[in-house]
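Here the structure comes first, spelled out in structure tokens, and everything after it is commentary.
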Amino acid sequence: MALNRKVAIVDLTSGTIEKKPIPLEVRKTFLGGRGLDAYLLYKYAKPGCDPLGPDNVVIFSAGILGATLASASARTHVMGKSPLTGMVGSGNLGGFFAPELRWAGFDHIVVKGKAAKPVYIWVHNGEVEIRDAKNIWGKSVTECQWAVREELGDPDIKSAVCGPAGEKMVRFANVMTGIKDAAGRTGMGAVMGSKNLKLVAARGTMDIKIAHPREALENDKKFIDQIVSAKVNQTQGELGTPFIWGATNSWGGLRTNNFQYNQILYADDVEPERIDEIAAETMGKYHMAACFGCQVHCRAKYKIPPSPLAEKFGVVGKYDEGPEYTSQGAFACEPGCTSADTVLIGNHLVDQYGVDNLEIGSIISWAMELYEEGILTAKDTDGLDLRFGNDEALIEMVHHVCNRDTRLGDILAEGGIRAAEKIGKNAIKYLIHVKGMSNLHSDERATPGLALNIATASRGSDHLRSRPAIDLYHLPQEVMRKIYSSPVPYDGPLSSDHREYVGKPWQVFWHEQCYMAVDCLGICKYHTVFLGATLPNFEDWPRVLYYNTGIEMTPQEIWTVAQRCNNIERLFNIREGFKKDDPYKGDVLVDRYHDEPARRGAPDVIGATIDREKFKVMRAEFYQHEGWDENGIPTPETLKRLGLENLDKEPSRI
Amino acid sequence: MEAKVLTINHEKCTGCRRCELVCSVYHDGVSNPARSRIKVEKWEWEGLYIPMACKQCVDAPCMNVCPVKAISQDEAQGSVKIDYDVCIGCRSCVAVCPFGAMSFNASEKKVFKCDLCDGDPQCVRFCEIKAVDYVEAARESLYRKRDAAMKISEAKKLGATVQYEG
């Protein structure tokens, strides 16, 4: 059944492998996916460990609904201590790895220690092996996947891999699967590289018994109808995530030229419709692809069209998928470039190197501002003219960061805070980050709710931890009230105005639990209240959970699991050095959010800053909702309520 | 009413494999593509996905090769079906099918293939974009004509000159 999948603890130093069942009580406490990962991270990573040392762990997991009839039950979660932030490291990827892992008999693979030479882990029908990776080490993200299929003689193997950037321990290297599915952010690929672990390959033909198959099928049909009837998902299915980029740019919510502007002008070539045209021209009318079991099919397929830039870098005609809006951020607005070619090429390179597009785009754009400010000179860049809008220099820097083959590339590969220390001269002032992780290409100055979200997210500046994105829709009060007063009651203020500060702490708190629940279930955020207000949430999940797994839980119980797991992440961050007002590790925004007004965009954006005092009031209220004290530390009562009071002392439950 | 046929337009397929999932859940109550009657074959490096399922052949090799005549035509449904009371599990049908549409379940020691879910194919029901569809046999080619004509029509819009010979 869906609940008999196991946890494998793989020690690469000793070569030992332990297989452990997940007791039902543990299931009901953490569900699975990111929630159980957080617990395993807390128990298995040595406190204060070097993220790139053998005492860290990297965990690969599927959610409790993985591979079931739960609509887009495709998500893989990867967790460890982050080499970028020194705190919670976490990435979530789509594609087909998690279902295959489950069919192979496992839900969580916890990897600790360090192999003496490059290895990979082979998971198949209840078995786990450590194998020599000499034939695949050094290969790109896609090449190593095809090579391992060849080596093991099975074309249906799915792998979670680190690319060349991970091997070189670029601190924001991704774990990847397929062509472009990425567990981005926080450098989990670098942790793999540090362990000499090239990939985890999975293949299985073991049944996952569905508890109530007919009911599960019928319920899933309704679920899918609810999901695909949302306009936002229909648009995703046509244009993919680029549509968000287009909408946000026209409004004035995109970081441009690092953080100098909030809108990029004359960028028609990067608009979603143009990207879609290129996909249609190179791949035909039907050019959208999907993750496992998903009817939204939000990613485009494309081939890189001929252009001088593509010719220079030898990538004409290369096949890839996306670009997601993050690549439009990384290779268009942030570095001030306006060419689709640059976006498509940059997207292809990050996919092949296995590096976080958000981070690399942000950090190169930061270097561009430093270059224009004279903090970096042509001597530092080895003669590269690193000004905004220089497409060629941008693409060249991507290579240098991933290969660490120039001095500046090597410095930037260390991540913003470490790079700023090396560069000196007040370079840190220009870095746009939270907890050492660069912000998404979005600008939250006009949206205090979203600003609070990035400031308090457990893995650093992050739009997928607690973003109340529907705040931008100016929803009617009754709709807001319906969403936000369930499954736990709330009768405090709620504002439909995205510029407001009141009511936002509750929204951020609510979304934090919602997204954690989704990550524990192992489904996609496009299938919950992320971009669409009518999409499923707590009230809908008990049925899906029951029909597929047989577990009976109420919406409130699922909420409590989410809160428990979020608190574990909080406790982990506290253990690893979180201080509320620490500029590098705290729940704070960089000064530019408070001091520099937005310069472009719609009337409700121009002039916006985040008010320092009001921000602090919001943050304090958010801590109250969480059950944390004024320093953002969970109170003893909160821990007791969530059953976490003995987290440090108890032996690991798995 | 004329019997319907399962048609596959691989160009539309997004590669999500929900068809494999619902097939195995509907027939066996489990999620397991190894038990699915339909399988999406993929060439990921070029974005090509081709769903493969039984064609319900008129002159079916599986039927012809079966030494005990366990496989027969179901005229009403337009399908090729297996009589498990007669089947001896020799797997000759698996070996001979030109499309790999006949599979063998090693744990239950049974061959299995698409049975069109008794007229309500679940793969079709759950395929929103209808890369897999269930249509009246005579209409299948009509849809394909329409699709082909659309391509010419779109090419014309882009200014291409289309000429017919003969």
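Only the coordinates and a few stated rules stand behind these numbers; no lab work does. In this text the structure is predicted, and so the values were computed from the model without any measurement. Because the Cβ atoms are built from the backbone with ideal geometry, glycine has one as well, and the counts that use them run over all protein chains shown.
Where does chain A land at 222 nm, in deg cm²/dmol rounded to the nearest 500, when only DSSP H runs of n ≥ 4 count, each adding -39500 (n - 2.57), divided by all residues?
Numbers: 25 runs with 253 residues, N = 654.
It lands at -11500 deg cm²/dmol.
Stretching the chain fully between B:Leu48 and B:His10 yields a gain of 12.9 nm (0.36 nm per residue, less the alpha carbon separation).
Residues whose amide H lies under 5 Å from that of A:Tyr261, counting only those 5 or more places away or on a different chain, are A:Thr256; hydrogens are built 1.01 Å from N in the peptide plane. The H on the amide N of A:His297, modeled in the peptide plane, is under 5 Å from the matching H of A:Cys291, each at least 5 residues off or on a different chain. With just the Cα atoms defining each centre, how far is region A:489-560 from region A:339-406? Give it in Å. That distance is 38 Å. The loop-placed trypsin sites (Lys or Arg not before Pro) in region A:124-218, going by DSSP, that have at most 15 neighbouring Cβ atoms within 10 Å of their Cβ come out as A:Lys134. In terms of the mean number of neighbouring beta-carbon atoms within 10 Å, the peptides A:20-30, A:357-367, A:115-125 order highest first as A:357-367, A:115-125, A:20-30. The A:Ser486 and A:Arg274 beta-carbon pair, evaluated with R₀ = 45 Å, returns a calculated FRET efficiency of approximately 0.65. Computed extension length for A:Glu500-A:Gln556: 17.3 nm, one decimal, from 0.36 nm per residue of separation with the Cα-Cα distance subtracted.
Tell me, what is the FRET efficiency for B:Phe99 and A:Glu238 to the nearest 0.05, using R0 = 30 angstrom and their Cβ-Cβ distance as r? Calculated transfer efficiency: 0.40.
So if I place +1 on the C-beta of Lys and Arg and -1 on the C-beta of Asp and Glu, and nothing else carries charge, what would the dipole magnitude of region A:448-641 be about its Cα centre? I want it in debye, nearest 20. The partial results should precede the final answer.
Working: 24 positive and 28 negative charges, 64 e Å.
Roughly 300 debye, rounded to the nearest 20.
For chain B, the residue among B:Val86, B:Leu6, B:Tyr143 whose Cα projects farthest onto the positive side of the dipole built from Cβ charges is B:Tyr143.
Would you tell me the mean number of C-beta atoms belonging to other protein chains that fall within 10 Å of each C-beta in B:46-57, as a whole number?
Working: counts 5, 14, 3, 3, 0, 0, 0, 0, 0, 0, 0, 0.
Mean partner-chain Cβ count within 10 Å for B:46-57: 2.
As a calculated quantity, the FRET efficiency between A:Asp55 and B:Arg91 at R0 = 51 Å, using C-beta atoms, amounts to about 0.45.
Starting from the exponent 0.38 and prefactor 2.2 Å, build the expected Rg for region A:380-483 from its residue count and divide its actual Cα Rg by it. Each step should come with its number before you reach the end.
Values: Rg = 18.1 Å, N = 104, 2.2 N^0.38 = 12.8 Å.
Cα-based Rg divided by the globular estimate yields 1.41.
Per residue of A:207-217, other chain Cβ atoms within 10 Å of the residue Cβ number 5 on average. Straight-line cross-link reach from A:Lys195 at under 15 Å between alpha-carbon atoms covers these aspartates and glutamates, not counting any fewer than eight positions away in the same chain: A:Asp11, A:Asp50, A:Asp55, A:Asp132, A:Glu167. Between the helical axis of B:137-157 and the longest alpha-carbon principal axis of chain B there is an angle of about 30 degrees. Listed peptides A:62-70, A:336-344 appear in the order A:62-70, A:336-344 once ranked by packing, highest mean of other Cβ atoms within 10 Å at the front. Here region A:367-399 is scanned for amide nitrogen atoms under 14 Å from the site 7 Å beyond the Cα of A:Arg407 along Cα-to-Cβ, giving A:376-384.
Amide H contacts for B:Thr7 (H built 1.01 Å from N in the peptide plane; partners 5 or more residues away or on another chain; cut-off under 5 Å): B:Asp133, B:Tyr134, B:Val135. The alpha-carbon of A:Lys482 sits under 18 angstrom from the alpha-carbons of these lysines, leaving out residues fewer than 8 places away in its chain: A:Lys504. For region A:183-268, which chymotrypsin sites (Phe, Trp or Tyr not before Pro) are both in a DSSP coil and crowded by at most 14 other Cβ atoms within 10 Å? Answer in residue order: A:Tyr266. Set the Cα radius of gyration of the protein assembly as shown against 2.2 N^0.38 Å, with N its number of residues, and you get 0.94.
Computed about its Cα centre, the charge dipole of the protein assembly as shown is approximately 1520 debye, with only Lys, Arg, Asp and Glu carrying charge at their Cβ. When each of A:Thr377, A:Thr326 is scored by the number of other beta-carbon atoms lying within 10 Å, the sequence from fewest to most is A:Thr377, A:Thr326. Could you check how many percent of all C-alpha pairs in region A:234-438 are farther apart than 32 Å? Tail of the P(r) past 32 Å holds 15 percent of the pairs.
Helix B:18-28 and the longest principal axis of the C-alpha atoms of chain B enclose an angle of approximately 20°.
Here A:Asp587, A:Asp629 are placed in order of increasing Cβ neighbour count within 10 Å, fewest first, which gives A:Asp629, A:Asp587.
GluC sites (Glu not before Pro), restricted to region A:597-643: which are DSSP loop and have at most 10 other Cβ atoms within 10 Å?
Numbers: sites: A:Glu613, A:Glu621, A:Glu626, A:Glu630, A:Glu637; in loops: A:Glu630.
Within region A:597-643, the qualifying GluC sites (Glu not before Pro) (loop, at most 10 other Cβ atoms within 10 Å) are A:Glu630.
For the cross-link pairs A:Lys112/A:Lys180; A:Lys209/B:Lys81; A:Lys318/B:Lys145, the ones whose C-alpha atoms lie over 28 Å apart are A:Lys318/B:Lys145. Put in line by how crowded their Cβ is, counting other Cβ atoms within 10 Å and starting with the fewest, A:Tyr325, A:Tyr319 read A:Tyr319, A:Tyr325.
The phi-based Karplus calculation (6.51 cos²θ - 1.76 cosθ + 1.60; θ = phi - 60°) puts the 3J(HN,Hα) values of region A:468-474 at x, 4, 5, 4, 6, 8, 6 Hz, whole numbers, x for Gly and Pro.
Look at the stretch A:292-303: the mean tally of other chain Cβ atoms within 10 Å of its residues' Cβ atoms is 4. A straight Cα-to-Cα reach below 16 Å connects A:Lys231 with the aspartates and glutamates B:Glu128, residues fewer than 8 places away in its own chain not being considered.
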